[in-house]
Amino acid sequence: MVSPPESTLALYGAQLRRSNGAALLALHEWQLVGGRGDWLAQWQKRIPRVAAIVGAAQVTAASEAAGNVPEALEDTGFPERQLAVVEPKRFAGWTEHAPLLVVLSSPVIKARMASGSEDEMLAAGGRWLERMVSTLVADAGRAASGVQIAATEDTGWVRYEPAPYCQRCAPLVGKWFRHSQGFQRHPQCPAVHRPASRREPPRGYASRPDPDQVKDLTEAQKKALADGADLFKVVNSHRHKRMEPAGIGNVNRRGTPAWIYAQAGDDRAAAVRLFRQFGYLK
Ligand SMILES: [Zn+2]
């Protein structure tokens with residue numbers, strides 16, 4: 001595995017702290033729910049505060065991630081010209097589907113559906129909330145770096161996350177993607193974009209993970225590898241849900257990044273125009 005630029009490592013750490021920090025603050029609010037009284041009514045009073053926590057973390061994550069793009073390109077020795085700059089505030093309240101306030105009420109449903117004692121039910125809701133908040137913040141960062149990459153001449157990206165990988169992510173590591181290709185995120189694996197100029201030789205990033213860097217291989221898969229099978233064939237034939245590009249909104253809903261990528265295709269100027277029109281770029 002080729003090591004990525006310092007600035008990408010730093011971004012990875014910062015985004016992880018950002019999303020975990022927001023998740024923890026949200027969890028503290030959740031822990032005030034319980035005892036007598038309706039959980040939903042109690043939680044609804046806290047939701048505006050939680051929405052503010054999430055929104056602030058999303059704006060910071062977006063700003064850090066977008067700001068990392070020129071820096072990471074500089075680090076590789078192949079800087080590229082920025083055509084426009086991301087507007088981080090656009091990522092406050094960023095969600096994939098439903099509005100943030102609706103999304104944030106879901107832990108109550110999770111808690112009510114959970115089994116066990118009241119405390120166990122509330123704990124299940126809390127775990128759900130933590131995962132959800134951390135994904136919302138990480139998504140805002142990834143969406144913003146995707147937009148900044150689109151708004152940078154001749155730039156695409158390579159997926160970065162540290163080893164060991166899960167077998168769904170392993171085949172994506174070290175692969176170059178065009179700016180218009182959405183990030184296939186895996187909620188428990190907080191990978192980030194490593195921006196890469198078209199001019200950068202692939203030896204700077206292209207790599208295939210070793211089998212011992214894949215953490216969740218089954219015994220049967222390990223045996224197949226020991227018998228000489230190809231790692232990617234082994235992980236791709238495993239029965240798991242294919243990852244779709246995520247965190248960039250519904251492709252059918254006008255104005256989402258997914259919709260913009262679909263409209264503009266490989267035409268970077270068209271993507272920049274649309275991103276600007278919908279407020280993602282200043
Ligand atoms: Zn993964």
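The values are calculated or read from the model by the stated rules, or taken from the named source; none is laboratory data. Because the structure is predicted, anything quoted here is derived from the model rather than measured. Heads up, the Cβs are rebuilt from the backbone with ideal geometry, glycines too, and the neighbour counts pull from every protein chain shown.
Computed values, structure above
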quantity	calculated
Single condition S207 does not satisfy, out of (1) at pLDDT below 90; (2) within 16 Å of the ligand (Cβ to nearest atom); (3) not aliphatic (A, V, I, L, M)	(2)
Residues of segment 57-97 classified as out of contact with any Lys or Arg (no Cβ under 6 Å at 6 or more places or on another chain) and aromatic (F, W, Y), total	2
Among the residues listed as R168, R131, the single one being of a type in the set (D, E, K, R), out of contact with any Gly (no Cβ under 7 Å at 6 or more places or on another chain), touching a residue at least 12 places away in the same chain (Cβ under 8 Å) and in a helix (DSSP H, G or I)	R131
Tally, over segment 214-240, of residues that are closer than 19 Å to A163 by Cβ, in a loop (DSSP other than H, G, I, E, B) and aliphatic (A, V, I, L, M)	1
Set D216, D212, D230: member being within 14 Å of the ligand (Cβ to nearest atom), among the acidic types (D, E) and more than 30 Å from F78 (Cβ to Cβ)	D216
R203 part of a helix (DSSP H, G or I), in contact (Cβ under 8 Å) with a residue 60 or more places away in the chain, surrounded by fewer than 18 Cβ atoms within 10 Å (Cβ to Cβ) and on the phi < 0 side of the Ramachandran plot	yes
Some residue of segment 95-104 being closer than 20 Å to I47 by Cα, among the polar types (S, T, N, Q) and crowded, with 18+ Cβ neighbours inside 10 Å	yes
Single residue of G13, G55 found to be within 30 Å of T155 (Cα to Cα), without any contact (Cβ under 8 Å) to a residue 60 or more places away in the chain and surrounded by 16 or more Cβ atoms within 10 Å (Cβ to Cβ)	G55
Any hit, segment 177-197, residues being hydrophobic (A, V, I, L, M, F, W, C), part of a loop (DSSP other than H, G, I, E, B) and either within 18 Å of the chain's Cα centre (by Cα) or within 16 Å of the ligand (Cβ to nearest atom) (or both)	yes
Every residue from segment 171-202 that is of a type in the set (D, E, K, R), touching a Gly at 6+ places or on another chain (Cβ under 9 Å) and at pLDDT 90 or above	R178, R198, E200
Whichever residue in segment 154-165 is more than 9 Å from the ligand (Cβ to nearest atom) and part of a strand (DSSP E or B) and, among such residues, is surrounded by the fewest Cβ atoms within 10 Å (Cβ to Cβ)	G156
Pair list, Cβ under 7 Å, 6 or more apart: segment 227-238 residue at pLDDT 85 or above, other residue part of a helix (DSSP H, G or I)	L231/P211; L231/L225; F232/P171; V234/Q221; V234/A224; V234/L225; V235/A170; V235/P171
The listed residue being at pLDDT 95 or above, farther than 24 Å from G249 by Cα and aliphatic (A, V, I, L, M), out of V33, V59	V33
Odd one out for A65, checked against (1) part of a loop (DSSP other than H, G, I, E, B); (2) buried (at least 21 other Cβ atoms within 10 Å of the Cβ)	(1)
